[in-house]
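Quick notes on the structure that follows.
Just so it is clear, none of the values below were taken in a lab; they were calculated from the coordinates. In this text the structure is predicted, and so the values were computed from the model without any measurement. Cβ sites come from the backbone with ideal geometry, for glycine too, and all protein chains shown count toward neighbours.
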Amino acid sequence: MYVGPFETTESCDEWKREYDLAFPVVPDADGALFRRLTSGWVPWSILVAPDGEVVFSENEFDEAGFGAAISQLLAKQTGVAPTATESTQRTPAARRASKAATVVILGGGVGGIVAAHNLRASLGEEHRIFVIDRSPDHLFQSSLLWLMVGDRREHQIRRPLERLTRRGIEFVHDEVVEIDLERRLVRTRARTLDFDYLIVALGARTVPESIEGFGEMAHDLYSLEGSRGIKNALDAFTGGKVGVLVTSMPFKCPAAPYEAAFLVESFLRAKGVRDRSEIHVYTPEHQPMPVAPAALGASIVEMLSARGIQYHPLFTFQKMRPETREIVAADGHAEKVDLLIAVPPHQAPEVVRSSGLLGVSGWIPVDPGTLRTEHEGVFAIGDVSTVRLPSGKSLPKAGVFAHNQAVVVARQIADEIRGRRDGARFDGGGYCWIELGDGRAGFAGGNFYHDPEPRLRVARPGRAWHWGKVAFEKWWLRRWF
Amino acid sequence: MKVLDESGKGVAAGSKLDLASLGLPVAGRRGTLVVFWKRQ
């Protein structure tokens, strides 16, 4: 039977007629039964044996668990043991689905936040969702570029992860020190958490310390501290040579070094010192954003040139010489710079490197559609994962992919817990704003899984795209926090 | 779908329920399935 909380006899009769229901539909006009027998969620199913014993009571159950309950009920009446048991005939996935599940998400960045919220919205309260991060705050990283030129202050682009608890997500402010895939648990410095599902969304760690002299000579484009340093250096800058250096590949947000160059150019012009300054971009790439079609890279080179920014592709960085303020390429060529903004080397976090999850690439290989690793119930999304594209290149590391992948992974996990299969798959969709300075931006987006190379639509740069990026930032920080 | 915030944990499997005393029909000889649901 259906029991309709806050329904009347008349509305239940109408409900039964409208859907041609062959079973009783009973009103629970004041919601008293609903309050007493459920946790406040619908649908809530209760299977009661003839002797009054409750054999099943759950919100949005999985089919396997409900099937087992019916088998048990019938076996009790006939005296015949059920033929299927949880331990021998159900898959591990179905076993996980038969009880309240624990989903542990490593990382409170873009992927982790989106996955946690989507899971929370899909699953009942009996299922626990943890987010673990060593930082107390979520930092909206793409806005570091604006912080660097004084268009943002720190408090505008960070939010306390503790706020996740308002949405029913458990936040653990701690560092993950071990991922034990065999025993399916995660250790932090202070506690151990078992998981039914694990989402690794730890991102890419930048390791400027791996370059001798980095701290003395360069400002890290990818850290809060580095952005503060760039801002102070730009404020004090009276002219000279600015270098934007990509030290190695891969790096996250492929447009970021170019955006940095455009924003610095605009900043120095507004400050009145552009005519006394040179701006250079040094990169090992053969073109900007090399995963994208060549036309997009060519248009960025054209825009760099139009602003008098000198572009040095195929610059294979080798070392820094702080004493002479030089950067040196592998071929021995040295360039002296007065102000150096650098993209440090990236690598998977140490705890991932020691987990057994890494592939030969140094990142976690995943199925391109499902983001599953080779370990059951373990997913990896965003910068820490790697996906090989039809072109043979890797999917760029960017927040938009972490976001879209998180939605897909959350759906798969929620469906599996609820015993459904809808086959959610990540389709390679992504987009990117490219800040050009002077309140203008470009935009490109499309399908990165398109064979033989990503198919992207490149929009004409303009003010609208800049404001689109600003609006997205505001939406993001309000939506999740 | 969450309908009420102030509800408890729900009746537990293994406990006893007298459906008739709750005003609910007892239709099945082998057992009764009660589904709390909202009209869509």
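Points worth noting:
- Gap separating the Cα centres of the stretch A:347-397 and the stretch A:406-433, nearest whole Å: 16 Å
- Among the residues of A:23-31, the average count of other protein chain beta-carbon atoms within 10 Å of the residue beta-carbon is 3.
- Neighbouring Cβ atoms from other chains, within 10 Å of the Cβ of residues in A:331-338, number 0 on average.
- Structural descriptor for chain A: relative contact order 15 percent, calculated from alpha carbon pairs under 8 angstrom and at least 6 residues apart.
- Between the beta carbons of A:SER391 and A:GLU302, assuming R0 = 25 Å, the FRET efficiency works out to 0.65 to the nearest 0.05.
- C-alpha center-to-center spacing [the stretch A:263-285, the stretch A:174-212] in angstrom: 39 Å
- Cα-based shape type of the stretch A:207-344, given that a ≥ b ≥ c are square roots of the gyration tensor eigenvalues and the cut on a/c is 1.5: rounded
- Cβ-based exposure ranking for A:TYR282, A:TYR222, in which fewest neighbours within 10 Å come first: A:TYR222, A:TYR282
- For A:LYS469, the aspartates and glutamates whose Cα comes closer than 16 Å to its Cα, not counting residues fewer than 8 places off in the same chain, are A:ASP151, A:GLU259, A:GLU435, A:ASP438.
- Candidate cross-link partners of A:LYS99 among the lysines, defined by an alpha-carbon separation under 26 Å and a same-chain spacing of 8 or more, comprise A:LYS76, B:LYS2, B:LYS9, B:LYS16, B:LYS38.
- In plain terms, the residue of A:SER385, A:SER354, A:SER57 with the fewest other Cβ atoms within 10 Å comes first and the most crowded comes last, giving A:SER354, A:SER57, A:SER385.
- For A:ARG189, neighbours were defined as the other residues whose beta-carbon sits under 12 Å from its Cβ, and their charges (Lys and Arg +1, Asp and Glu -1) total 0.
- Residues A:ASP438, A:ASP30 arranged by fewest to most Cβ contacts within 10 Å: A:ASP30, A:ASP438
- Checking every one of the trypsin sites (Lys or Arg not before Pro) in the stretch A:120-213 against DSSP loop status and a limit of 13 other Cβ atoms within 10 Å picks out A:ARG153, A:ARG183, A:ARG189, A:ARG191.
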